[in-house]
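Visitor: Handing you a structure now.
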Amino acid sequence: MSDVHRSITHVMVLLQRPSDGRVLTVRHQPHSWHSPGLFTVVGGRLEADEFFNEGAARELAEETGILIAPDRLEFCQLIHLHAADGERVTGVVFLAREWKGEPYNREPGTHSELVWADPASPPGDCHPFTHEILRHFDAGLRYANVVAPEGTCGGESP
């Protein structure tokens, strides 16, 4: 099978603060091959034995230390991403508005910081897919097709 049209699934969580509606983003380290120095939402690839919500809860715990039962995550959006390099990503996004504890950077080798971002005004230095996820979330859209601009890396981490 050719990597040119590889299709993968990503699961993501928008951890949204009730007080101001901001969502948690993670900035990737400058040495990241897919999004150097850029902000993305919490998430990653779905593993072979997981359901979407299970993978999303796992990614949230791995990246931020926040433990949420998968059935407590609310489905938020489905996004189909077409990267300029030919990669196709199905992104399943969940929302969490209630949790216990304070998120922290559990992957300092991968992320340099956690930042609460306004989904209505995503940071200028966020990954293009992340920008679209936040924009669609803010607009209340539950499905979107997104084509990445030329020169953008594909689907490792929206």
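Visitor: Roughly how many debye, to the nearest 20, is the charge dipole of the chain about its Cα centre, given +1 on each Lys and Arg Cβ, -1 on each Asp and Glu Cβ, and no other charges?
Guide: Details: 13 positive and 23 negative charges, 59 e Å.
Computed about the Cα centre, the dipole is about 280 debye.
Visitor: Can you give the three extents of the C-alpha atoms in the stretch 46-129 along their principal axes, from longest to shortest, in whole Å?
Guide: 38, 32, 28
Visitor: Nearest 10 degrees, 0 to 90: what angle lies between the long axis of helix 52-64 and the longest principal axis of the chain (Cα atoms)?
Guide: Once rounded, one gets 70 degrees.
Visitor: How many percent of the alpha carbon pairs in the stretch 1-90 exceed a separation of 14 Å? Walk me through the numbers on the way to the answer.
Guide: Details: 2810 of 4005 pairs.
When all Cα pairs of the stretch 1-90 are counted, 70 percent exceed 14 Å.
Visitor: Under a crude label model (7 Å from the Cα following the beta-carbon direction), how far is Thr90 from Ser112 in nanometres?
Guide: Computed distance between label sites Thr90 and Ser112 equals 3.5 nm.
Visitor: Further, regarding this structure: Could you give the accessible area per residue of the chain, probe 1.4 Å, as a whole number in Å²?
Guide: Normalised by residue count, the accessible surface of the chain is 49 Å².
Visitor: Further question on the same structure: Compute the projected area of the convex hull of the Cα atoms of the chain, averaged over all viewing directions, and report it in nm² to one decimal place.
Guide: On the way: hull surface 35.4 nm².
Averaged projected hull area, Cα only: 8.8 nm².
Visitor: If you don't mind, there's one more thing I want to ask. To test your reading of the geometry: what angle, between 0 and 90 degrees and rounded to tens, separates the Cα axis of helix 128-139 from the longest principal axis of the chain?
Guide: Relative to the chain, helix 128-139 is tipped by roughly 50 degrees.
Visitor: Please figure out what share of the DSSP beta bridges in the chain is antiparallel and state it in percent, rounded to the nearest 5.
Guide: Numbers: 22 of 37 bridges.
In the chain, approximately 60 percent of DSSP beta bridges are antiparallel ones.
Visitor: I'd like to know which of Asn53, Ala83, Ile8 lies farthest towards the positive end of the charge dipole of the stretch 1-107, counting +1 on Cβ of Lys and Arg and -1 on Cβ of Asp and Glu.
Guide: Ala83
The values are calculated or read from the model by the stated rules, or taken from the named source; none is laboratory data. Given the structure is predicted, the values throughout are model-derived calculations rather than measurements. Quick reminder, even Gly has a Cβ in these numbers, built from the backbone with ideal geometry, and neighbours come from all protein chains shown. Only protein heavy atoms, including side chains, enter the accessible area calculation; ligands, DNA and RNA are left aside. Shrake-Rupley method; radii C 1.70, N 1.55, O 1.52, S 1.80 Å.
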